[in-house]
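One structure is given below, encoded as structure tokens.
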Amino acid sequence: MDPLKSFSIQTYGCKVNTYDSGLLEKRFQAKGFESSKAPQVFILNTCAVTEAATKEALKQARKIKSQNPFGLVVVTGCGAQVDTEAFEKMPAVDLVVANSHKGQLEFLIEDFYKGKLTSKVFKSNIFKKEDLEAGGGLESSHSRAFLKIQDGCNSFCTFCVIPFARGKSRSVSVKDLIGRVNELYAQGFREVVITGVHIGDYEDENQRLEDLVEALLSKTQMPRFRISSLEPVELSDRLLDLYKDNDRLCPHFHMSIQHLNSRVLKLMKRSYGREEVLDAFARIEKALPQAYVGMDLIVGFPTETEEEFLGALKDLENSFWSRVHVFSYSKRPGTYAARLDGQIAEAVKKERARQLRQLSQERIYQKAPKQLGASKLGLPLSSNDPEFLKFLTRDYLTVQVPRPSKDFQVSGAGDGEVRLEMKEILPDRRPGLDPVFLGTLL
């Protein structure tokens, strides 16, 4: 193998980036590159949701270059599109390829080695980007597949830089997505995670998200679908009915909430208020009382008062959910919220985040014992642990099972799934992480 054609990809951020990394891996291999643990080409597929995400990628680029001074460090993704200048100024970074040019990445790297490039940065107006770069969705280290149905966002929430990183909303056709799922099934994948930047915006002519889900259920054999982030107003009765009527839809919701105070939500330019959030929780509980409900919340948004924060905390204490992903508000370039008066002190944001994470941890471990003794279907996950197999249940619980004999083949109760009994909660209680269960094969 040509040593210049060995590569690695480090992925930051959301499921859409994971999808994109899968596509990059596929394209690079088609061009004769080979994935390696000791590569010559280091690709950082970056996130731009917070300032901390960009700082993390900058730190990693420095570390890679110090350890591999002759390696090629390439930054791509949302951070490259939004925080271009920070990466351009860093000597440790050799190429900055924004989302606008990500589809040309492997060719740009080849041209770099041929001495054809005259620029370090490749970037253009993301709002002119029309393609979705279909065909990714998996990485060699993952056992589930991601299906990007949509990219971009038209919402322009006042705190969010993602429209500037991903461009306008655009969707893959229902026909193409059915074909892609059937390809994934033929390749041996047994769960598809339906993802996108704002999947509630999905539209193929007159067909919306519910129509797509119905089509995937009726025209593919994939045994498990998992739908990623939804806003409260996007959780329609029709979509909930599909969950109730189809056990192939995993009872796992990730809600893009951001706050529970109506004034703050309006200032964020969200399309709902407190009542819609609480109603969404209540409707999930009524329809699927065993569902796992995760959500994103921001603390310390400009002008957020202590009373508003504590009110949101109280609402959460009395609502149906499983876990909170906590984000401290971060100023992002070009956003309206970054220009607002009433910016919250970092110490206050840190304390509010601590309280919310504590509540989330308490809720996780309050619900966990109720799972013991239950029988669940688990999908095998990739694991290098010599002692345990690892499984993911439909309701998003991780279960470890002692490895049987070497000739044991994972098969079992369903199409690619096995039947498990939940026996114990493992004692490794790490802050911010869900508990891991010990189970047995049935």
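FRET efficiency for the pair Thr305 and Asn125, taken as 1/(1 + (r/R0)^6) with r the Cβ-Cβ distance and R0 = 56 Å, rounds to 0.90. Taking amide H atoms as placed 1.01 Å from N in the peptide plane, the amide H of Glu191 lies under 5 Å from those of Ala145, each 5 or more residues away in sequence or on another chain. Report the Cα centroid-to-centroid distance between segment 112-131 and segment 2-33 in angstrom, as an integer. Answer, in whole Å: 17. In a fully extended conformation the segment linking Glu275 and Phe156 would gain 40.6 nm over its present Cα-Cα distance, using 0.36 nm per residue. In terms of the Cα gyration tensor, with a ≥ b ≥ c the square roots of its eigenvalues, is segment 173-247 rounded because a/c is under 1.5, prolate because a/b exceeds b/c, or oblate? Prolate. Unpaired Cys in the chain, meaning no second Cys C-beta under 4.7 Å: Cys14, Cys47, Cys78, Cys153, Cys250. Using the Stokes-Einstein relation with a Kirkwood hydrodynamic radius computed over Cα pairs, the translational diffusion coefficient of segment 18-103 at 4 °C and a viscosity of 1.567 mPa s comes to 99 µm²/s.
The percentage of C-alpha pairs in segment 145-369 whose separation is greater than 23 Å is 51%.
Using the per-residue mean of other Cβ atoms lying within 10 Å as a proxy for protection, in what order, highest first, do the peptides 38-44, 295-301 fall?
Put in order of decreasing packing, that is 295-301, 38-44.
For segment 290-442, a Kirkwood radius taken over Cα pairs fed into Stokes-Einstein (10 °C, viscosity 1.306 mPa s) yields D = 88 µm²/s.
A compact globular protein would have a Cα radius of gyration near 2.2 N^0.38 Å; the ratio found for segment 146-275 is 1.10. Using a Gaussian network model of the chain with C-alpha springs under 10 Å, which one of Val348, Val73, Val82 is most mobile by mean-square fluctuation? In this elastic network of the chain, the residue with the biggest mean-square fluctuation among Val348, Val73, Val82 is Val348. Here the Karplus curve 6.51 cos²θ - 1.76 cosθ + 1.60, taken at θ = phi - 60°, turns the phi angles of segment 383-400 into couplings of 8, 9, 5, x, 9, 10, 8, 10, 10, 10, 7, 5, 8, 6, 10, 8, 10, 9 Hz, with x standing for Gly and Pro. According to the Cα-based calculation, Rg over Rh for segment 281-326 is 1.04, with Rh computed by the Kirkwood formula.
Charge dipole (Cα centre; +1 on Lys/Arg Cβ, -1 on Asp/Glu Cβ; no other charges) of segment 145-369 amounts to roughly 640 debye. Estimated from helical segments only, the mean residue ellipticity of the chain at 222 nm is -10000 deg cm²/dmol, where each DSSP H run of four or more residues counts as -39500 (n - 2.57).
Our coupling estimate for segment 27-42, obtained by passing each phi through the Karplus curve with A = 6.51, B = -1.76, C = 1.60 and θ = phi - 60°, is 5, 5, 5, 5, 8, x, 6, 10, 5, 8, 7, 10, x, 9, 10, 10 Hz, Gly and Pro reported as x. When you count the other C-beta atoms within 10 angstrom of each residue and take the mean per peptide, 99-105, 16-22 line up highest first as 16-22, 99-105. Within the set (i) 23.3, 76; (ii) 22.2, 65; (iii) 28.8, 101, the number that Rg and Dmax of the Cα atoms in Å takes when calculated for this structure is listed as (ii). Backbone phi angles across segment 278-285, fed through the Karplus curve with coefficients 6.51, -1.76 and 1.60 (θ = phi - 60°), yield HN-Hα couplings of 5, 5, 4, 4, 5, 5, 5, 4 Hz in residue order; Gly and Pro are listed as x. Among the listed pairs Lys370/Lys390; Lys65/Lys350; Lys89/Lys129; Lys123/Lys349; Lys37/Lys59; Lys89/Lys128, a Cα-Cα separation exceeding 30 Å is found for Lys65/Lys350; Lys123/Lys349.
Largest GNM mean-square fluctuation among Ala347, Ala280, Ala215, using the chain with Cα springs under 10 Å: Ala347. Among Thr158, Thr11, Thr118, the largest mean-square fluctuation in a Gaussian network model of the chain (Cα springs under 10 Å) belongs to Thr118.
One quarter of the convex hull surface, Cα atoms only: what value does that give for segment 235-288 in nm²?
3.7 nm²
Looking at the chain, the DSSP beta bridges with both ends there are about 30 percent antiparallel.
No lab work stands behind these numbers, since they all come straight from the coordinates. Treat the numbers as computed from the prediction; the structure is a model and nothing was measured. Positions of Cβ are backbone-derived with ideal geometry, glycine not excepted, and every protein chain shown enters the neighbour counts.
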